[in-house]
Amino acid sequence: METFRFAQPDMLYLLLLVPVLIVIWIFGNRRRRLARERFGDDTLLRRLSPDYSPGRMAVKFVIRMLAFIMAVLVTARPQFGSRLEEVKREGVEVIIALDVSNSMLAADIAPTRLERAKQAIAQLVDQLREDRIGLILFAGDAYTQIPVTNDYLSAKMFLSSAGPDAVSKQGTAIGAAIDLGISSFTPESDKSRALIIITDGENHEDDAVEKAREAAEKGIVVHTIGIGSPDGSPIPLTAGGRTDYLKDSQGNTVISKLDEKGLQEIASVTGGRYVRASNTSIGLSEIYNDIGRMKKSEINAMMYTEYNEQFLIPAALMFILLITDLLIADRKNNLLKRLRIIGKDNRKERG
């Protein structure tokens, strides 16, 4: 069994330029047509410029777009995995519990607490090599977004959809996140398990410190990252295209403040580390450096160990398309008439 992948999938975002270029070309072509109509009678213009061929221009544009698509596929490096094997690795299992409650929409950490945390997690995933990672989302309850895996591309993909809409119950249940984290690690990795909690620390639902003690008894180290400011920030909510701020039952604007004391205690009872996030650094790299010093355990993973590059196919197609583009002139010429490359034009001239 083989699997297909792109070694550089981020390059595929360049394909978003294709519809933009098509729209630009359509509007440009329409402007040229209107300009010709304003200039004079269409039949007269055809006689004055017999070599003008809008059909050829359209064909060349299509060819160039196809060549551009092939070029993007080449840079994305398509590959086929040719052998599935069980690979033994020395690594650590890391689960990140990310707070996605409404308070994480506060903007005292730019652009928002939540978006900045997601950016930092994505950067950390890019650095992973041997370790396995999982993602838990929590608000009023906790949910597994990504089971523990070494599929880093999927981890980043599922991370992008993390937000308040991904959970059905609002609030901040740090204890529930720790409890779910305890049960999410694989049993054979008991010597190298770390849980990282990223939250503003306003726990309203349960006894998170007691859950942290349970984690410590099972050999799980809990690190905490406090994201936000002690002074607090209002929570923006967007509805119907308008932005307002979350208010309490008395109509007062809710100010979400970072609760460092609770997060420090959670980390302390497990031998973990507390870091306060800032606009320049979330603190994930510092914590991951600590995790890197933990005792590594042997992790069995099924993965494709050989990938064959397949970029030659789109590269060859791109080359053929570019040669074809060079052979097709913007205007009619006698050589192409004889070769009958554009048959429609030849039939018109013979008629």
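Just so you know, all these numbers are worked out from the coordinates, no wet-lab data involved. The shown structure was predicted, so the numbers you read here are calculated from the model rather than taken from an experiment. Please note: Cβ atoms are built from the backbone with ideal geometry, for glycine as well, and neighbour counts cover all protein chains shown.
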### Task
Give the calculated FRET efficiency between residue 23 and residue 80 to the nearest 0.05, with a Förster radius of 25 Å applied to their Cβ-Cβ distance.
0.15
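Which order do the peptides 93-105, 115-127, 230-242 take when ranked by the mean count of other beta-carbon atoms within 10 Å per residue, highest first?
Most protected by this proxy first, the peptides run 93-105, 115-127, 230-242.
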#### Entry: Peptide ranges 5-12, 60-67 listed from the most packed, as the mean C-beta count within 10 angstrom indicates
60-67, 5-12
#### Entry: Normalised contact order of region 85-303, rounded percent, pairs of Cα under 8 Å and 6 or more residues apart
27
### Query
Roughly what would the spin-label model give for residue 12 and residue 161, points 7 Å off Cα along C-beta, in nm?
1.5
### Message
Taking 26 Å as the cut-off for C-alpha to C-alpha distance, list the pairs among 118/169; 156/218; 169/218; 156/261 that go past it.
### Response
156/218; 169/218; 156/261
### Message
Skipping prolines and chain starts, which residues have an amide H placed within reach, meaning under 5 Å, of the one on residue 134, given they are 5 or more residues away or on another chain?
### Response
94, 95, 96, 149
### Summary
Simple spin-label estimate for residue 144/residue 319, 7 Å along Cα→Cβ, in nm, reads 4.8
### Query
What FRET efficiency comes out for the pair residue 30/residue 327, r = Cβ-Cβ distance, R0 = 35 Å, nearest 0.05?
0.80
#### Entry: Per-residue ³J(HN,Hα) for region 220-235, Karplus 6.51 cos²θ - 1.76 cosθ + 1.60, θ = phi - 60°, Hz, x for Gly and Pro
9, 8, 10, 9, 10, 10, x, 10, x, 10, x, 6, x, 7, x, 10
